Amino acid sequence: MDLEALRRYSALHPKPAGLTLQYGTAGFRSRAEQLDHIVFRMGLLAILRSKAVTATIGIMVTASHNPEEDNGVKLVDPLGEMLHPSWEEYATQLANAEEQELQKVITEICQKAEVNLHKDASVFIGRDTRPSSKKLSQSVIDGIQVLGGQYHDYGLVTTPQLHYMVCCQNTQGQYGKATLEGYYEKLSKAFMELIKQSHCSGENQKHLKIDCANGIGALKLSEMKPYFPQEVVIHIYNDGTKEKLNHLCGADFVKVQQKPPGGLDMKPNERCCSFDGDADRIVYYYKDTAGHFHLIDGDKIATLISIFLKELLVKQDFKMAVVQTAYANGNSTRYLQETLKVPVHCVKTGVKHLHHKAQEFDVGVYFEANGHGTVLFSKTAETKIRQLVKEEKDDEKREAAKMLENMIDLINQTVGDAVSDMLVIEAILALKGLTVQQWDALYTDLPNRLLKVQVADRRVIDTTDAERRALTPPGLQEKIDALVKKYKLSRAFVRPSGTEDVVRIYAEADTQENADALAHEVSLAVFHLAGGKGAPPQRNSAPPLVHFHIVPEIQVPHPQSTGHGCMTGALL
Ligand code: 16G
Ligand code: MG
């Protein structure tokens, strides 16, 4: 280790006195001006991690859906996964070390994680479109150079594109080429092959309006446009040329507010979707002829994908499952388990938990309600599917295997990817001849409400059972249980946020009024039992933000039926 270089460079990236930050659910996130020393040190850590695992490591500068003034950084492990949890602690230690302790902390990490400093190292860097991102990624490079290692700066890329590059590099190209062209070519080829098998060609079905949150998604979609077939006509809104990143738009805004983004003119029954600021989340929506807004969130995306895959996987011995979090709408879980008969697993919030669980199955579909998700295929499943494409004699079965093979290539298996998910969804809708309304009508979301409460220390809330029950403070869970009993079809839970200094409250019930009342009552219980700050939460007197139209008994077009549109009946 060149101690002189370490001293010189760390002095150029000083740590503000008294600032402590933690590597949380999605890396470090804070106001951009507090992050220079953090990104420099994450450059150091990326080199250590690369040496420890003898592979290329990714480092992405982004704060996703946070306001434009914020920024963040996270590390990507060799196969495109989130940084291994054991290293999150090292990240936090390194980030918070005083300048004069840096060398000691690095040495300690090397000892604990058995890092051989003489090994080679390689790091891939990416960044989003925030004004602060360019300078921060330069500081990452300073960190990399202090410890010595190769790096490739991809510049502006979506978060999932960086995950993809890292995976391609470490699998010697087996997953694809580690270039943007490689990414565009792989996805567009798989998409074109898939929709070749579709017999639908309605003019309306072709168009999709995309709100890009004024972020990187707009740039990358524009780059990808020439690769798109004419079957898809995308219209990009909120491309970052006029408004601020994530301001009144983007997937998080649409999901939380349950209303359309600004900057996108939506005509009745038009299919629209929103990406978040770094394009790793997507939600769909439309407005009906009465002007009511309908949100199609991650749960319904997971349901659509599961219906499609289940049909193709029928007669195969593959274990397929869906992984959700406690935020999944109760009716989505019911539909998946009772109607579709697919096992559903609930895990803690955060991509790494969902990804990890989904790896246990041959085909694991995971989505957070907020629109982050993907599908993982086990090596065994993938090999068998590719073999069937080559060897299966039965035409129908071979066609089905081909669809699965193209799905494997179209979905970004490293992490949730708005671009790849969007193409998967568009392909499924085209293949099944489903309109956005028919998709929405698979089930009706239970009315729900999300609230947050500030408390003195959110760590007083400890949870269990995938965050569905509170262990502490004493009496809180009993109170929630009693409140839930008052309403029909109700459910509520509380959890400390991993990204904000608040406690989150989720409630659902048979009507919007009841969901609102339950959420409010639970927030008061949290306030009183967990040390609420300021005034007790007020009941929001505003009318519900969304109109939940309860359809008496929806006639769902059966996925395998050929009576509606032109659903393919291809089965394995
Ligand atoms: C982060 C997570 C997301 C999770 C959210 C919860 C990743 C890459 N992202 O954005 O999965 O839903 O945090 O935020 O893991 P909260 O803890 O503040 O509710
Ligand atoms: Mg994001």
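The values are calculated or read from the model by the stated rules, or taken from the named source; none is laboratory data. Values in this document were obtained by computation on a predicted structure and should not be read as measured data. Glycine gets a Cβ as well: all are built from the backbone with ideal geometry, and neighbour counts include every protein chain shown. In case anyone asks, the SASA skips ligands and DNA or RNA and just uses the protein heavy atoms, side chains included. Shrake-Rupley method; radii C 1.70, N 1.55, O 1.52, S 1.80 Å.
Determine which single condition V256 fails, assuming it passes every other condition in (1) in contact with a His (Cβ under 7 Å, 6 or more places away or on another chain); (2) within 16 Å of ligand 1 (Cβ to nearest atom); (3) of a type in the set (V, I, T).
All conditions pass for V256, except number (1).
For segment 146-166: of the residues being within 16 Å of V39 (Cβ to Cβ) and free of Cβ contacts under 8 Å to residues at least 40 places away in the same chain, which is nearest to ligand 1 (Cβ to nearest atom)?
Only one residue tops the list, namely Y154.
Go through the residues of segment 94-108 one by one and say whether even a single one is within 16 Å of ligand 1 (Cβ to nearest atom), small (G, A, S) and at pLDDT 95 or above.
So far as segment 94-108 goes, no, none of its residues is within 16 Å of ligand 1 (Cβ to nearest atom), small (G, A, S) and at pLDDT 95 or above.
What do you reckon, is G58 within 15 Å of ligand 1 (Cβ to nearest atom) and in a loop (DSSP other than H, G, I, E, B)?
no
Tell me, which strands (runs of 3 or more DSSP E) lie completely within segment 268-380 with 1 or more residues that are touching a Cys at 6+ places or on another chain (Cβ under 8 Å) and more than 16 Å from ligand 2 (Cβ to nearest atom)? Lay out the reasoning, then the answer.
Values: elements: 272-275, 282-287, 293-296, 320-325, 344-347, 363-367, 373-377.
Passing ranges, in order: 282-287, 320-325.
Given C200, C167, which one is at pLDDT below 95 and either under 18 Å from G58 (Cα atoms) or touching a Cys at 6+ places or on another chain (Cβ under 7 Å) (or both)?
Residue meeting the stated conditions: C200.
What are the residue pairs meeting all of these: first residue in segment 20-33, first residue under 11 Å from A95 (Cβ atoms) and away from ligand 2 (no atom under 16 Å from the Cβ), second residue assigned to a strand (DSSP E or B) and of a type in the set (A, V, I, L, M, F, W, C), Cβ atoms under 9 Å, and 6 or more apart or on different chains?
The qualifying pairs are L21/F28; Q22/F28; Y23/L75.
Out of the residues in segment 60-80 that are closer than 17 Å to Q169 by Cβ and within 16 Å of ligand 2 (Cβ to nearest atom), which is surrounded by the most Cβ atoms within 10 Å (Cβ to Cβ)?
It comes out as M60.
Filter segment 223-253 down to residues that are hydroxyl-bearing (S, T, Y) and farther than 13 Å from I210 by Cα and give me whichever is most open to solvent (accessible area, probe 1.4 Å).
Within segment 223-253, the first condition is being hydroxyl-bearing (S, T, Y), and the residues that meet it are 227, 237, 241.
Remaining after also requiring farther than 13 Å from I210 by Cα: 227, 241.
Working: Y227: 62, T241: 105 Å².
Only one residue fits best here, namely T241.
State all residues of segment 456-477 that are of a type in the set (D, E) and surrounded by fewer than 19 Cβ atoms within 10 Å (Cβ to Cβ); if no residue qualifies, say none. Don't jump to the end; show me each part of the working.
Initially, segment 456-477 is screened for residues of a type in the set (D, E), giving 457, 462, 465, 467.
Those that are of a type in the set (D, E) and surrounded by fewer than 19 Cβ atoms within 10 Å (Cβ to Cβ): D457, D462, D465.
Identify the single condition in (1) within 29 Å of T158 (Cα to Cα); (2) open to solvent by 10 Å² or more (accessible area, probe 1.4 Å); (3) modelled with pLDDT of 95 or more that A430 does not satisfy, given that it satisfies every other one.
(3)
Which residue pairs have Cβ atoms under 8 Å apart, sit 6 or more places apart or on different chains, and have a first residue in segment 90-108 that is assigned to a helix (DSSP H, G or I) and a second that is open to solvent by 10 Å² or more (accessible area, probe 1.4 Å) and hydroxyl-bearing (S, T, Y)?
Matching pairs, first to second residue: A91/Y23; T92/Y23; A95/Y23; N96/T20.
Can you tell me how many residues in segment 228-253 are out of contact with any Asp or Glu (no Cβ under 7 Å at 6 or more places or on another chain) and either under 29 Å from I195 (Cα atoms) or charged (D, E, K, R) (or both)?
Residues meeting the conditions: 11.
Among the numbered conditions (1) among the basic types (K, R); (2) under 30 Å from T289 (Cα atoms); (3) touching an Asp or Glu at 6+ places or on another chain (Cβ under 6 Å), tell me where R398 comes up short.
It fails just one condition, (2).
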